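Please treat every number below as a calculation from the coordinates, not as lab data. Bear in mind the structure is a predicted one, so any value in this text is a computation, not a measurement. Here the Cβ is made from the backbone with ideal geometry for all residues, glycine too, and neighbour counts use every protein chain on show.
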Amino acid sequence: MKVSDMKARGKGKPKAGGGAGKSPWGRWTQVLWKKLPALPPRVWAVSGMAVLVVVVIWSMLDPVRKVMPPTPPPSGIEQTARGLNGQPSASAVSANAGIPEGELAFIKAVRLQPPQPTRMDMLKAEVDLASTAPKELVYTYLWRVNDKIIEDAKGDTLNLSSFKKRDLVTVTVTPHDGETTGFAVAGPVIAIHSLPPSLELQAMRRVRKTGEPVEFQLAGVAPDGEQVAYSLEAPHVPGMTIDKQSGKITWSIQPDQKGAIRFGAAVEDDNGTKVTRIFDVTVD
């Protein structure tokens, strides 16, 4: 065989790794890759924008499904508290289905007495009923002090002895007629006032001589205050003065001051609570 024949025959042999052994997918990939640089810029822009939109939508939706926890059902106390704005509690929604809202307004208002209570008082909730309210009603009371539910208070009164001045108290009343639960109505928020100071006159005695200086001593106790101040009030008596800090009264009796003499005195604590009393002395 001639060398030229061998070379000619060698031309028909496939080269190692040549295109004859590639799959159709590989050939198409090669062709597409070669043509990519020739694509118009508009095609590149539209393709990139489409990929970006898909990525953004997926990143927004998928984490929300993973992170959002299920909402737990409300507790019994939370269901009751939802009636503070004049709406029925969640437990009563199914029982009241189909009843017009106007027919559930059994209570017009809730008042608290006394309106300026101290910690020595029993605070009472008084209910003012609407004209359309059923005749037979029972009530559920939810008392709060400083926005904290008082679990032990179930009735229409609250003992304030365990609280302190400036604590804020309110109550929510929910009416029931046995089958229907009406709208819950909240009473006003009121503050517990300080206890008033006491005021007594010590060394009060009959005065026998005119011109003789006489001394009296006022005594005041402020249960909810740290200090007190004294003053003389009407009816004022000429010649009478007072030490505002100690409460000591000095009186120089005038010649025309005889018989029963009345004067006023007051004590005021550092909470601004003032008590005034009228005292009587007799000059012979």
Averaging the inverse of every distinct alpha carbon separation and then flipping it gives the Kirkwood radius. What is it for segment 152-284, in angstrom units?
18.4
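List the pairs from K248/K274; K148/K274; K124/K248 whose alpha-carbon separation is above 29 Å, in the order I gave them. Numbers along the way, then the final one.
Details: K248/K274 18 Å; K148/K274 31 Å; K124/K248 41 Å.
With Cα atoms farther than 29 Å apart: K148/K274; K124/K248.
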If each of I57 and K165 carries a label point 7 Å out from its Cα toward its Cβ, how far apart are those two points in nm?
6.8
Can you work out the FRET efficiency for the pair S252 and S198, with r the C-beta to C-beta distance and R0 = 30 Å, to the nearest 0.05?
0.60
Just to be sure I understand the model, the point goes 7 Å from the Cα along the line to the Cβ. What's the resulting K244 to M122 distance in nm?
4.1
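Fewest Cβ neighbours within 10 Å first, please rank E268, E136 accordingly.
Numbers: E268 22, E136 8.
Exposure proxy ranking, most exposed first: E136, E268.
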